[in-house]
Each structure stands twice: as structure tokens, then as C-alpha cells.
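This report refers to the structure that appears directly beneath it.
Read-outs: derived from the displayed coordinates by stated rules, not from any lab. Quick caveat: nothing in here was measured; it's all calculated off a predicted structure. No Cβ is skipped: glycine too gets one built from the backbone with ideal geometry, and neighbour counts run over all protein chains shown.
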Amino acid sequence: MQLLGDETRYKMFKILLSDQNPCVSEISSMLGVSVSAISQQFRMFELNGIVKRERQGQKICYSLSLDDPTIASLATLVQR
């Protein structure tokens with residue numbers, strides 16, 4: 001929950017809920033934040049098991065780890 005206390009990370013989480021596998025550059029454009037800053041935030045998400053990473057060519061794309069019951073519950077709460 002502490003991770004989502006940051007406004008940028010919360011917005012990233014909501015984007016992941018509404019978009020299938022968005023890439024770092026796409027999220028960077030949506031939020032007006034640098035690609036490196038978004039990548040750094042995703043590293044925190046990865047370390048905590050919130051997201052799964054997938055390489056698509058030169059792009060890195062992410063999806064929520066919804067197979068984890070805690071993440072699925074959190075996603076349900078955020079969607080309300």
C-alpha cells in the first residue's frame with residue numbers, strides 16, 4: 001500500500017489496470033514524466049511483485065501480477 005501512496009505510482013497502477021501491457025515510453029508520455037523516472041518506479045513495483053515485465057523488441061512493457069491474490073484485491077479496491 002505504501003508504494004501506491006506516491007501519486008505517480010498510483011497513476012501508473014491505474015494505467016496498468018486500464019491498458020493491456022503498456023510500455024514504459026507510453027506511460028512516460030501519458031504522465032509527462034521521464035522514461036528513466038518511470039523505469040525506476042517500475043523497478044520498485046517489480047521488487048515487490050506487483051508487476052510482470054515483458055520485452056517487446058526494444059520496448060519493456062508491464063502488466064499487473066493479478067494471479068497474486070493480494071494484487072488482485074488491491075486492483076479491485078483501486079477500480080472502485
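Values for this structure:
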read-out: Residues of the range 41-53 classified as surrounded by fewer than 16 Cβ atoms within 10 Å (Cβ to Cβ) and out of contact with any Ser or Thr (no Cβ under 9 Å at 6 or more places or on another chain), total; value: 5
read-out: Residue pairs meeting the criteria (Cβ under 7 Å; at least 6 apart or on separate chains; first without any contact (Cβ under 8 Å) to a residue 60 or more places away in the chain and in a helix (DSSP H, G or I), in the range 33-52; second surrounded by fewer than 20 Cβ atoms within 10 Å (Cβ to Cβ) and not hydrophobic (A, V, I, L, M, F, W, C)); value: VAL35/SER25; VAL35/SER28; ILE38/SER28; GLN41/THR8; GLN41/ARG9; GLU46/ARG53
read-out: Residue pairs meeting the criteria (Cβ under 8 Å; at least 6 apart or on separate chains; first free of Cβ contacts under 8 Å to residues at least 60 places away in the same chain and surrounded by 14 or more Cβ atoms within 10 Å (Cβ to Cβ), in the range 54-68; second basic (Lys, Arg) and part of a strand (DSSP E or B)); value: ILE60/ARG53; CYS61/ARG53; CYS61/ARG55; TYR62/LYS52; TYR62/ARG53; SER63/LYS52; LEU64/LYS52; SER65/LYS52
read-out: Selection from the range 1-38 of residues that are in contact with a helix residue (DSSP H, G or I) (Cβ under 7 Å, 6 or more places away or on another chain), closer than 18 Å to ARG53 by Cβ and of a type in the set (A, V, I, L, M); value: LEU3, MET12, ILE15, LEU17, VAL24, ILE27, VAL35, ILE38
